[in-house]
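J.: Quick one: this structure, given as structure tokens, is what I'll be asking you about.
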Amino acid sequence: MEPISIALGLAQFVPGLTRLLMGDRAGNVADKVVKAANAVTGAGNADEALSKIKHDPELQLKLQKEMNVIVLAELEAENKQLATINATMRTEYTSGDSFVRRWRPFFGYTIAVTWFVQMSALGIVIVISPNDAPAVINAMVNLSGMWAIALAVLGVSVKKRSDDKQVSAGQTPPPGIFQNLSTLLSRNKESK
């Protein structure tokens, strides 16, 4: 089996691991998971390690301890990346250039107008030329990846703008899920 499949099989025993296996660094994380599983079980291959861990609660606990270190390291790396992104956003927000400060609203309006035009065009095709509608709908389905990225960027922009407004009003935004998870893992590490 591939390392990612083995890692997903082991994820049921390690909280927080599944999310890391869905990220950009999934391959690296999966390799670390497989190495840890092999080290914990003394197995010669990943399939054997997975089988041993599934049937032995003590090995499951040992794997969890090993994986908490890996998960914490990955979360810390992610936090550093997010801190860099946040610093960039703050710099943009305080920029003297009016476009730099307004790119998020501009992007949001652009997405809204583009969405409206696309859906209007689909409606027009369905009414005027119903025979062509399946082809147009299939073409729009092919754009779903692009829309997913654009809407994700828009969502992050809206969230960050809300956080910026809270900070400028003297309020502290509530911690996010990644910060909460990182804090929880840090406490577990310190208590052992």
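J.: Within the set of pairs 6+ apart or on separate chains, which have a first residue in region 62-77 that is free of Cβ contacts under 8 Å to residues at least 24 places away in the same chain and under 23 Å from ALA49 (Cα atoms), a second that is open to solvent by less than 50 Å² (accessible area, probe 1.4 Å) and hydrophobic (A, V, I, L, M, F, W, C), and C-beta atoms under 8 Å apart?
T.: From region 62-77, the pairs are LYS62/VAL40.
J.: How many of the residues in region 85-111 are open to solvent by 60 Å² or more (accessible area, probe 1.4 Å) and either of a type in the set (A, V, I, L, M) or modelled with pLDDT under 85 (or both)?
T.: Total meeting the criteria: 13.
J.: Residue by residue through region 55-78, note down the ones that are more than 18 Å from LYS35 (Cβ to Cβ), of a type outside the set (A, V, I, L, M, F, W, C) and surrounded by 14 or more Cβ atoms within 10 Å (Cβ to Cβ).
T.: Those that are more than 18 Å from LYS35 (Cβ to Cβ), of a type outside the set (A, V, I, L, M, F, W, C) and surrounded by 14 or more Cβ atoms within 10 Å (Cβ to Cβ): ASP56, GLU78.
J.: Something else: Among the helices (runs of 4 or more DSSP H) confined wholly to region 1-54, which include 1 or more residues that are over 19 Å from ALA73 (Cβ atoms) and either at pLDDT 65 or above or open to solvent by 20 Å² or more (accessible area, probe 1.4 Å) (or both)?
T.: 3-10, 26-41
J.: Counting only residues that are in contact with a Gly (Cβ under 9 Å, 6 or more places away or on another chain) and closer than 13 Å to THR110 by Cβ, how many does region 141-160 have?
T.: Going through region 141-160 one residue at a time, the tally reaches 2.
The values are calculated or read from the model by the stated rules, or taken from the named source; none is laboratory data. Everything quoted here is computed from the prediction, not taken from an experiment. Please note: Cβ atoms are built from the backbone with ideal geometry, for glycine as well, and neighbour counts cover all protein chains shown. Each accessible area value is taken on the protein alone, full model and side chains, heavy atoms only, with ligands, DNA and RNA left out. Shrake-Rupley method; radii C 1.70, N 1.55, O 1.52, S 1.80 Å.
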